[in-house]
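What follows is a set of notes on a single structure, which appears directly below.
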Amino acid sequence: MGIEVLPKGRVHKPKPCFGKEFGHLTLGFCWRKGVELRMIFFKGKKILVMLGVIVGIVIISSFAIKWPINTFPAIEGKVLDATTDEPIENVVVSVNWIRSSPGPAGEITRTIRSDIAVTDREGKYRIPRLWSFHLFSVFSRGYIGFYHPLYASKQAVTARERRKIIIGSPALKAYPEDFEYTKGIVHYDIKIVSLEEKYNKPEQDFDLSNEIASFENGAYFLILRSKKVFFSLEDTFKKWKNLTARFVGMPRYDYLLNRLKRIEHSIRSRLFEE
C-alpha cells in the first residue's frame with residue numbers, strides 16, 4: 001500500500017516523491033503544500049490478502065488446538081492445614097510450565113516459564129495466566145509445588161487433555177484432584193500436613209531429616225525476602241529443634257541433630273551471602 005500526493009486539478013498520477021519496491025509491494029509517500037492526499041493500492045494488494053488469511057488461520061488454530069499460541073488460565077486458591085483447616089501463611093507456591101518436542105531419543109522437554117507466589121494471611125495465592133508461543137513444540141504440563149519449612153511439601157501437575165483442564169498427582173491420571181474452573185480461572189484449594197503431625201513416630205526420624213534438608217539451599221527464605229515478606233528464621237530453627245527432640249534416645253538421634261545443625265549453617269550462609 002502506498003500514498004500518492006496529487007496537486008489539485010491534476011488528472012494523471014505522478015510517481016511518489018520517494019519510494020521503494022519490496023518485491024511486488026511498492027511503498028511511496030509525497031507531500032506538497034496545497035495538495036490533497038489520496039490512498040492508492042499497488043501490487044502489494046494480493047500480499048496483504050494473503051497475510052490476512054495467514055493471521056486468521058493462526059488465530060483459529062490457537063483457539064482450537066492451542067498452537068502456535070497457547071494460553072493457560074490463571075490458578076488461584078487457598079492452602080490450609082490438613083488437621084485444623086486453618087489458612088497457612090508464607091507458603092511458597094511455584095509453577096514450572098513445560099513444553100515438549102520430539103527428539104531423536106524421545107520427548108524433549110523445556111521450561112517455558114516459572115511463576116512463584118506466596119500465600120497471605122488468609123492462605124490465598126495466585127499464579128498469573130500463561131501465554132506462550134511455539135512453532136516446533138507443544139504445551140505439555142505445569143508442575144505445581146507447595147513449600148513451607150514446617151509442613152510436608154506437596155506436588156501436583158496440571159495439564160490440558162482433549163481441551164479439558166486436569167490437576168492431579170505427578171502420575172496425573174492416577175490420582176486426579178478436585179478443583180473448579182470458572183470465568184477463565186482455575187480455583188485450586190489444597191490441604192497440607194504439618195511436620196509435627198506427620199513425623200510423630202520413632203521410625204520416621206530419617207524422613208524428617210530429608211524433609212528439612214529440602215530447605216538447605218535457602219531458596220525458600222530468599223524468595224520470601226525478595227518479595228519483602230516478613231519471616232522469623234530463628235523461630236523456624238527453634239521449631240525444627242523441638243521436632244528433633246522427639247527422637248532423643250533413638251539410634252539415629254545424633255545423626256539427626258548434627259544434620260540439622262549443618263542445614264541451619266547452610267541457610268545462614270546463603271542468606272548472608274545474598
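Just a few scattered comments:
- When the range 106-137 is limited to residues that are surrounded by fewer than 15 Cβ atoms within 10 Å (Cβ to Cβ) and at pLDDT below 70, the one that is farthest from residue 225 (Cα to Cα) turns out to be 106.
- Only residues that are surrounded by 15 or more Cβ atoms within 10 Å (Cβ to Cβ) and under 15 Å from residue 195 (Cα atoms) were counted across the range 242-255, and they come to 4.
- Residue within the range 240-262 that is touching a residue at least 12 places away in the same chain (Cβ under 8 Å) and under 26 Å from the mean Cα position of the chain (by Cα) present: no
- Subset of the range 82-93 that is of a type outside the set (Val, Ile, Thr) and closer than 12 Å to residue 146 by Cα - its residue that is surrounded by the fewest Cβ atoms within 10 Å (Cβ to Cβ): 89
- Checking each residue in the range 221-274 for being among the β-branched types (Val, Ile, Thr) and in a helix (DSSP H, G or I) picks out 223, 236, 244, 263, 267.
- The combined condition, being over 20 Å from residue 93 (Cβ atoms) and either at pLDDT below 85 or assigned by TED's automatic domain parsing to the domain that holds residue 268 (or both), is fulfilled by residue 208.
- Residue within the range 184-200 that is over 31 Å from the mean Cα position of the chain (by Cα) and touching a residue at least 40 places away in the same chain (Cβ under 8 Å) present: yes
The values are calculated or read from the model by the stated rules, or taken from the named source; none is laboratory data. Here the structure is a predicted model, which is why all the values come from computation and not from measurement. Cβ: placed from backbone, ideal geometry, glycine included. Neighbour counts: every protein chain shown.
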